[in-house]
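The values are calculated or read from the model by the stated rules, or taken from the named source; none is laboratory data. It should be emphasised that the depicted structure is a prediction, and the values quoted were computed from it without experimental measurement. Note that each Cβ is placed from the backbone with ideal geometry, even for glycine, and that neighbours are counted across all protein chains shown.
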Amino acid sequence: MSGDIDAQRNATRPRIARAFAPGSVGNIGVGFDLLGHSIDGVRDVAIVRRIDEAVVRIATIRGDVEGADTLPLQAERNTAGQALIALRDKLGVAHGFELELEKGIPLGSGLGGSAASCVAALVAANAVLDAPLAREALYDFALDGESVSSGSRHGDNVAPMLLGGVVMATATRMIPLDVPSWLHAVVVHPDQVLETRRARAVLADPYPLHVVVEQSAHLALFLTGLQRGDATLLREGLRDLLVEPRRAPLIPGFAEAQAAALDHDALGASISGAGPSTFAWFASRSQADAAAPAMQAAFASAGYGSRAYVTPVAGPRADVISAGAYA
C-alpha cells in the first residue's frame, strides 16, 4: 500500500519548474562577505527539467545581457550547474536535471548575477524533487555554486536571494535581520564591468588594526540601527573604511555618485558587491526617487550611461514562477 502511495505522489510531482532570483547588494558597505540585501527590478530566471539521465546538463543560456552567450555551458564551470551538481551528489538522487538560464542581471555589475543564476536554478530544481528541501537547506549548495565565479564561498549575495530582505550570511548560517518598512535603496548600475576577482585582488594587503576596530564599531552601529529602526544609528554606521577606499578608484564616477546621494540626505552610500554598481539607503521612498536621477547624472558626467533601481531594502526572495508535469 505504501508503495502505491509513493508512486502516486511521485507521479503528481512537477517535472519542470521555472524560478527567478532577484539581484542583490552584497556587503552593504560595512559587512564584507557577511551582509547583503535583495533588490527589486532586476532578476535571473532558471528553467529546470527533471530528466532520467543521471547528469546535470545546461541546454542554453540566453537573455538581453551583454556577454550572456559567452557563459560556460559546462555544468561544473557554471555557478548554476555546479550548484545542481552539489545538490545531486549530496542527495544521491537517481535522476538528473536539464537547465536553461535566462540572464537578466548584467555580468560584472556588482548586482549578484552569478549568485542569482545558481539560486534560481536551485529553487527550480527543488520544486521537482520528490521531497523538496527547506529553503535553508539550499544554502550550502548555493555556496558551492557561487564559489565557481568568485573563487571563495561567501553568502552575502545568495543568502538574501534565498530569504529576501537583509540577511547576515556566515559559513554555515543565514540569519534574516529586521528591516524597517520605510527603508528604501537606490542602486545605480553604470555601463561598466568590474570582474569580482579583480575587485578582490585590491583587498589583499593587510589593514591597520585601528581601522579594523573603527569598522567594527560602524558594523555594530549599523546592526543596532536595523534592529531598532533607528535612522540616526544607520547613518553613523553605514560608512565603509575597509573595502570602499581600495575599490573606489576602479569605478569612474563612483565618488561623484556617492556625493550626489549624500547631498540628497542618504543615510549612507557605497559600492554594491564588487562594483561597479553603487547603492544608497534612504529613510523614505520619496527621498530615494529624488536621488536616483542625481546619482545617474554623476555617472553621466564621468562619461557613463546607467540604469537606476529604486527598491525597498526588504526586497523579494527567489521563488517558483510556474511548475508542471510537462515541458
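Tell me yes or no: at least one residue of region 6-25 is in the same structural domain as Leu163 (by TED's automatic domain parsing), assigned to a helix (DSSP H, G or I) and closer than 18 Å to Met161 by Cα.
Looking for residues that are in the same structural domain as Leu163 (by TED's automatic domain parsing), assigned to a helix (DSSP H, G or I) and closer than 18 Å to Met161 by Cα, one finds none in region 6-25, hence no.
Looking at region 86-98 only, could you name the residues that are among the acidic types (Asp, Glu) and in a loop (DSSP other than H, G, I, E, B)? Steps first, please.
If we filter region 86-98 for residues that are among the acidic types (Asp, Glu), which is where we start, we get 89, 98.
Once the filter is applied, which keeps residues that are among the acidic types (Asp, Glu) and in a loop (DSSP other than H, G, I, E, B), region 86-98 yields nothing.
Could you list all residues from region 276-291 that are buried (at least 23 other Cβ atoms within 10 Å of the Cβ) and farther than 22 Å from Ala199 by Cβ?
If the condition is that a residue be buried (at least 23 other Cβ atoms within 10 Å of the Cβ) and farther than 22 Å from Ala199 by Cβ, then Phe282, Ala288, Ala291 are the ones that fit.
Here is a list of conditions, (1) out of contact with any Pro (no Cβ under 6 Å at 6 or more places or on another chain); (2) in a helix (DSSP H, G or I), and Phe299 meets all of them except one; can you say which number that is?
So Phe299 meets the others, but not (1).
Within region 250-282, how many residues turn out to be in contact with a helix residue (DSSP H, G or I) (Cβ under 9 Å, 6 or more places away or on another chain), outside any strand (DSSP E or B) and farther than 18 Å from His218 by Cβ?
17
The rows are residues; the columns are (1) under 30 Å from Arg285 (Cβ atoms); (2) among the charged types (D, E, K, R); (3) in the same structural domain as Ala297 (by TED's automatic domain parsing); (4) in contact with a Leu (Cβ under 9 Å, 6 or more places away or on another chain).
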{"residue": "Ala127", "(1), (2), (3), (4)": "no, no, no, no"}
{"residue": "Ser152", "(1), (2), (3), (4)": "no, no, no, no"}
{"residue": "Ala204", "(1), (2), (3), (4)": "no, no, yes, no"}
{"residue": "Tyr207", "(1), (2), (3), (4)": "no, no, yes, yes"}
{"residue": "His218", "(1), (2), (3), (4)": "yes, no, yes, yes"}
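Looking at this structure, is Leu101 out of contact with any Asp or Glu (no Cβ under 6 Å at 6 or more places or on another chain), under 17 Å from Ser149 (Cα atoms), aliphatic (A, V, I, L, M) and not in a helix (DSSP H, G or I)?
yes
Among the residues of region 114-126, are any surrounded by fewer than 21 Cβ atoms within 10 Å (Cβ to Cβ), at pLDDT 95 or above and outside any loop (DSSP other than H, G, I, E, B)?
No, that holds for no residue.
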